[in-house]
Amino acid sequence: MIDTFVIVYQPGFIAKIFIATLVLMIAGELVQAQIGNTFAEAFEKKPKPFFQLDGYNSFVRKRGANAIGVKAGLGFNKKLRFGIGYMKLFTDVVDSIEVKPGTYYRGEVKSGYFTTGLEYILYDNDPWQLSFPVHLGIGNSYYDYPDGKRTHNKALKGSIVLLEPAVTGHYKVIRWVGVGFGVGYRIMIKNNTQITDKLSSPLYVLKLKVFLDEVYKSIFQPEDNKK
């Protein structure tokens with residue numbers, strides 16, 4: 001309860017913790033002069049494809065705003081991952097909107113956007129992993145409202161561009177399942193000017209994580225599990 005209170009009512013505090021964490025972790029890597037070597041080593045081996053479900057929690061107008069989506073791409077030597085994906089942001093923000101002169105409906109703020117990004121693995125020692133992902137998103141935000149004929153209609157739709165840096169990690173409880181965690185910030189580079197809420201917000205991750213690649217190997221590549 002205390003953590004939730006801090007996130008909702010003191011977002012600047014969470015942002016400072018996030019920035020400080022990034023600076024300390026990246027500075028530590030730089031001091032050890034490992035980043036250059038890591039990038040060089042990453043491309044020495046053949047890349048492996050990955051696919052995963054993605055998601056995080058955040059706030060808009062001090063109310064819940066949860067994003068879910070999918071991501072796929074290539075991983076390089078368990079050091080770097082390049083991926084693309086699609087995310088859908090659902091909020092608890094509902095307003096009265098004027099769809100046409102004199103006609104009002106109750107609409108919920110939503111957004112959908114395609115992402116592309118890079119994830120640098122800071123630490124990987126089974127069962128722990130810690131990484132630094134940065135994603136660029138391009139899409140739209142809008143009000144979703146029912147009009148009595150259709151459940152979902154879009155109004156005041158406009159383009160958005162956002163950047164999402166974060167520090168994330170997981171603890172693998174068993175081979176196929178783990179606990180994911182992390183903190184970050186959604187930075188709106190371009191906002192939909194038709195919607196009051198700008199969607200910039202601290203974000204956090206706390207979820208059950210299924211390792212789909214391990215599930216795939218167990219089913220379709222059982223020989224590899226014995227090596």
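The values are calculated or read from the model by the stated rules, or taken from the named source; none is laboratory data. Predicted model, so just to flag it, every value in this text is computed and none were measured. When we count neighbours, we look across all protein chains shown, and the Cβ atoms used for this are built from the backbone with ideal geometry, even at glycine.
Remarks
- Test: residue in segment 83-91 that is modelled with pLDDT under 95 and over 12 Å from the mean Cα position of the chain (by Cα): yes
- The strands (runs of 3 or more DSSP E) found wholly in segment 54-140 and carrying at least 3 residues that are more than 28 Å from T196 (Cβ to Cβ) and aliphatic (A, V, I, L, M) occupy 63-76, 103-125.
- Qualifying residue in segment 68-82 (condition: touching a strand residue (DSSP E or B) at 6+ places or on another chain (Cβ under 7 Å), at pLDDT below 90 and of a type in the set (A, V, I, L, M, F, W, C)): no
- The residues of segment 73-127 that are within 30 Å of N153 (Cα to Cα) and surrounded by fewer than 13 Cβ atoms within 10 Å (Cβ to Cβ), listed by number, are S96, E98, K100, P101, G102, T103, Y104, R106.
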